[in-house]
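Here is the structure we will look at.
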């Protein structure tokens with residue numbers, strides 16, 4: 001076995017930094033806001049939107065959630081309405097920036 005000097009063989013590593021696009025930034029801001037909510041609100045909104053479920057194509061209907069969870073449709077409706085209002089209130093500037101960037105393209 002032969003010893004080699006580590007300085008003789010420099011290792012070059014090039015990093016490919018990932019730059020998130022505007023929609024990913026908005027989604028991350030929504031998730032950060034969701035993490036401040038109560039457990040029930042957070043859970044219903046996640047199930048309804050599938051915000052962190054990359055394998056899901058679309059949202060689940062309120063009626064499907066109600067049937068599967070035995071929670072009334074009215075409760076789900078008002079919970080989602082309250083969640084959307086919180087997002088609208090807290091993230092309106094981020095959303096306006098997202099729309100402005102999208103319209104530039």
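The values are calculated or read from the model by the stated rules, or taken from the named source; none is laboratory data. Nothing here was measured: the structure is a model prediction, and the numbers come from that model. Ideal geometry is used to build each Cβ from the backbone, glycine not excepted, and the neighbour counts take in all protein chains shown.
Miscellaneous remarks
Table: residues versus (1) assigned to a helix (DSSP H, G or I); (2) surrounded by 11 or more Cβ atoms within 10 Å (Cβ to Cβ); (3) without any contact (Cβ under 8 Å) to a residue 40 or more places away in the chain.
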{"site": "42", "(1), (2), (3)": "yes, yes, yes"}
{"site": "48", "(1), (2), (3)": "yes, yes, yes"}
{"site": "64", "(1), (2), (3)": "yes, yes, yes"}
{"site": "67", "(1), (2), (3)": "yes, yes, yes"}
{"site": "76", "(1), (2), (3)": "yes, yes, yes"}
{"site": "79", "(1), (2), (3)": "yes, yes, yes"}
{"site": "86", "(1), (2), (3)": "yes, yes, no"}
{"site": "93", "(1), (2), (3)": "yes, no, yes"}
{"site": "97", "(1), (2), (3)": "yes, yes, no"}
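- Any hit, segment 74-82, residues being closer than 19 Å to residue 29 by Cβ, more than 17 Å from the chain's Cα centre (by Cα) and modelled with pLDDT of 90 or more: yes
- Boolean, residue 53 is exposed (fewer than 14 other Cβ atoms within 10 Å of the Cβ), within 10 Å of the chain's Cα centre (by Cα) and either assigned to a loop (DSSP other than H, G, I, E, B) or at pLDDT 80 or above (or both): yes
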